[in-house]
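Enquirer: A single structure is presented below for examination.
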Amino acid sequence: MIQRNFLIRAAVALAVLAAPAAQAQERQTLGWSSIFNNDFLGDGFDRWRSSSYTVSWLRGPEWTGRLPEAPGKVLEYRFRTSTLAPANLSRPAAGDRPYAGTLGFGIHTHFRHRGFDVALGGGVAVTGPQTRHGARQRWVHERIGIAPPSATVLNNQIANAVYPTVSAQIARPLGLSDRIMARPFIAAQAGAETLIRAGGDIIIGTWGQGDLLVREPDTGQFYTATRGGTPGLSLVLGGDAAWVADSHYLPSSRGYRLTDTRKRLRAGVKWQGQRHGVFYGVTWLGKEFVGQSDTQLVGTLNFRINF
């Protein structure tokens, strides 16, 4: 019931994105941004949520430092690639998660409603050998002297599929002082993985003031998609928990059982100069399936260069 109602509401919201009224104002590029996650940048391994890379292109009317009050005016076009893998790419333990390469394409609208920051989006997640993730990772690992994924791992990867995916997030920015902001949120998605998530973040510093903050899916770390930013050093702390109803990356048909909750804790430091900025964060990811041998730490990097 939750999944059906969510899909209906999201479908209606996505229809708004294509409404002719959204074209009434001339669009321009408001900013580009990308963010990179890698397990090696965290705990030094190459396993489970191994890596991901996300690129966001923001379009809309001239950015005023505030979200518009209506959906469909500011659109984020998002491209994403991610790799999920067993802990051992050569000889995976029995019951470890299967290899899964994913390509994602989507459109998201960001707006403010009654003091809440709202993000609604939809797209597709493409999985399986058709993504060529396994072949590319094998080629790279062989050239830098790291064990590549074995034929056994790649032959057992998630099958070719295309999953329509919709998502929604509502956050409440709370200014505790001029330099401290809290952002509790609740989010839901249905598609490749169907879940409901709740949590919050605290930003100590000036980061995000007057910018559009976008949440990276795997870790929950923030990145800004608009140009500019207030110079200075900021600290970000956050955490959340998700209740996962279904995951095509851990299919029950193969005998996988999901953990009751999927937990995340994160911290990061953002330095913003007049024209350049850099962010490094680390995220603790709890276990996702019964039988996962350990938790993991994932590192995150984001660079900003304003032209």
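The values are calculated or read from the model by the stated rules, or taken from the named source; none is laboratory data. Quick caveat: nothing in here was measured; it's all calculated off a predicted structure. Every residue, glycine as well, gets a Cβ built from its backbone with ideal geometry; the counts of neighbours run over all protein chains shown.
Enquirer: If I go through the range 28-53 residue by residue, how many of them are farther than 16 Å from GLU76 by Cα and polar (S, T, N, Q)?
Expert: 5
Enquirer: Can you find a residue in the range 249-260 that is loosely packed, with under 15 Cβ neighbours inside 10 Å, touching a residue at least 24 places away in the same chain (Cβ under 8 Å), touching a Ser or Thr at 6+ places or on another chain (Cβ under 7 Å) and in a strand (DSSP E or B)?
Expert: So far as the range 249-260 goes, no, none of its residues is loosely packed, with under 15 Cβ neighbours inside 10 Å, touching a residue at least 24 places away in the same chain (Cβ under 8 Å), touching a Ser or Thr at 6+ places or on another chain (Cβ under 7 Å) and in a strand (DSSP E or B).
Enquirer: For the range 138-155, give me the residue count where each residue is crowded, with 16+ Cβ neighbours inside 10 Å and of a type outside the set (Ser, Thr, Tyr).
Expert: Summing the residues that are crowded, with 16+ Cβ neighbours inside 10 Å and of a type outside the set (Ser, Thr, Tyr) in the range 138-155 gives 5.
Enquirer: Next question, about the same structure. Please tell me if ARG136 is modelled with pLDDT under 95, under 22 Å from ARG47 (Cα atoms) and charged (D, E, K, R).
Expert: Considered against the rule, which asks whether it is modelled with pLDDT under 95, under 22 Å from ARG47 (Cα atoms) and charged (D, E, K, R), ARG136 comes out as yes.
Enquirer: Quick one: would you say THR152 is over 24 Å from GLY281 (Cβ atoms), among the hydroxyl-bearing types (Ser, Thr, Tyr) and either out of contact with any strand residue (DSSP E or B) (no Cβ under 7 Å at 6 or more places or on another chain) or in a loop (DSSP other than H, G, I, E, B) (or both)?
Expert: Yes: the conditions hold for THR152.
Enquirer: Just the residues that are at pLDDT 90 or above and either within 30 Å of ASP294 (Cα to Cα) or crowded, with 16+ Cβ neighbours inside 10 Å (or both), please, taken from the range 12-30.
Expert: Residue satisfying the conditions is LEU30 alone.
Enquirer: Could you check the range 54-104 and list, in sequence order, the residues that are free of Cβ contacts under 8 Å to residues at least 40 places away in the same chain and assigned to a loop (DSSP other than H, G, I, E, B)?
Expert: Across the range 54-104, the qualifying residues are PRO61, GLU62, THR64, ALA94.
Enquirer: Within the range 202-216, restricting attention to residues that are outside any loop (DSSP other than H, G, I, E, B) and within 20 Å of LEU120 (Cα to Cα), which residue is farthest from the chain's Cα centre (by Cα)?
Expert: LEU213
Enquirer: Being surrounded by fewer than 16 Cβ atoms within 10 Å (Cβ to Cβ) and within 18 Å of VAL124 (Cβ to Cβ) narrows it down to one of ALA159, ALA198, ALA190, so name that one.
Expert: ALA159
Enquirer: Next up: Looking at LEU58 and the list (1) out of contact with any Leu (no Cβ under 6 Å at 6 or more places or on another chain); (2) more than 28 Å from ARG257 (Cα to Cα), which single condition is not satisfied?
Expert: For LEU58, the exception is condition (1).
Enquirer: Are any of the residues in the range 161-173 among the aromatic types (Phe, Trp, Tyr) and over 30 Å from GLY200 (Cβ atoms)?
Expert: Within the range 161-173, the subset among the aromatic types (Phe, Trp, Tyr) is 163.
Those still in the list that are over 30 Å from GLY200 (Cβ atoms) too: none.
No, the range 161-173 contains no residue that is among the aromatic types (Phe, Trp, Tyr) and over 30 Å from GLY200 (Cβ atoms).
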